[in-house]
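The values are calculated or read from the model by the stated rules, or taken from the named source; none is laboratory data. Just so it is clear, the model here is predicted, and its values are computed rather than measured. Don't worry about glycine lacking a Cβ; one is built from the backbone with ideal geometry, like all the others, and counts go over all protein chains shown.
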Amino acid sequence: MSRFIFPHAALCLAAPLMLLSCQDKESSAPAEAQADRMAALHQPSPYSRLILEIDAVPGLTPSNAVQAQIGEALAGLLDKPDGISFVEDEALPAVGADHAWTDEALFALAEAHYNLVAETGAVKIHVMVLDGHSAEDSAEGQVLGLAWSNTHLVLFADVLRAQCMTPGGIAITPLCEEAERAVWLHELGHIVGLVNRGAPPTRDHVDPDHDAHCDNPDCVMYWAYERQGVFELLKQRRAGAPPTTFDEACRADLAAAR
Ligand SMILES: [Zn+2]
Ligand SMILES: [Zn+2]
């Protein structure tokens, strides 16, 4: 995201959901339901497989290379002996670059399209890849992604790509791909419980100024990884540096959830 910002009041009125984005600090999901969801995602039983159900506007689906990187990262975090797969499910209608998605509209879209029938033994995560932009964009930057209820995530792929295309061109640059990977991984981090969103912190690393985020700027759960700031962060990294991932503190939280 550049930012993901969710006005709490509007959120809570609109939907009794547990939001995992920067702005959701309020959770009305029962703790028991969240614990069950965490177990389903992290543990090998009763769900030995994970499926990422991808509903995307045509042309915006992340590349196979990015999907492979995400799959590899998740495989190191979640105990899914029968594997992790990506299913490109429905084509969502394009709405145009000027369309501002409200949180309520995103929740409704998720409700309408989270419908892939998974076989017994598979747990799902819902990924929606959209054009348009968040209605919560502000002077602090544009929102690139958001996640809620340890289940659904949105990537504003059009916004993201508009910032990393070659000038006048349509080529997807390495920066673009890295940003897409980082934002996606960040949102998945929220879904699997970070930071203190289902996986209790094993040490103090919650950013006091950005709830649900890690205080380490080198960690993919740092708040700016879902905002426009991700591009600056990535540009500042040394050439040849490994891709940003979960730091030790975040990994420890996830390991404790397994
Ligand atoms: Zn975040
Ligand atoms: Zn971290």
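Strands (runs of 3 or more DSSP E) wholly in the stretch 112-187 with at least 1 residues that are of a type in the set (Gly, Ala, Ser) and touching a helix residue (DSSP H, G or I) at 6+ places or on another chain (Cβ under 7 Å) - which ones?
On the way: elements: 122-130, 145-148, 152-156.
In the stretch 112-187, 145-148 are the strands (runs of 3 or more DSSP E) which contain 1 or more residues that are of a type in the set (Gly, Ala, Ser) and touching a helix residue (DSSP H, G or I) at 6+ places or on another chain (Cβ under 7 Å).
How many of the residues in the stretch 194-223 are crowded, with 20+ Cβ neighbours inside 10 Å and away from ligand 2 (no atom under 12 Å from the Cβ)?
2
To keep it simple, each residue is scored yes or no on (1) over 30 Å from Pro200 (Cβ atoms); (2) exposed (fewer than 15 other Cβ atoms within 10 Å of the Cβ); (3) over 14 Å from the mean Cα position of the chain (by Cα).
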| position | (1), (2), (3) |
| --- | --- |
| Ala105 | yes, no, yes |
| Met128 | no, no, no |
| Asp158 | yes, no, yes |
| Ala162 | yes, yes, yes |
| Cys176 | yes, no, yes |
| Arg181 | no, no, no |
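Among the residues in the stretch 137-144, are any in contact with a Gly (Cβ under 7 Å, 6 or more places away or on another chain) and modelled with pLDDT under 95?
Yes: one or more hits.
Looking only at residues that are surrounded by fewer than 20 Cβ atoms within 10 Å (Cβ to Cβ) and charged (D, E, K, R) in the stretch 228-258, which one is nearest to Ser138 (Cα to Cα)?
Glu232
Among the residues of the stretch 56-88, which ones are in a strand (DSSP E or B) and aliphatic (A, V, I, L, M)? Spell out how you get there, then give the answer.
Let us first name the residues in the stretch 56-88 that are in a strand (DSSP E or B), namely 56, 84-88.
Ala56, Ile84, Val87, listed by residue number.
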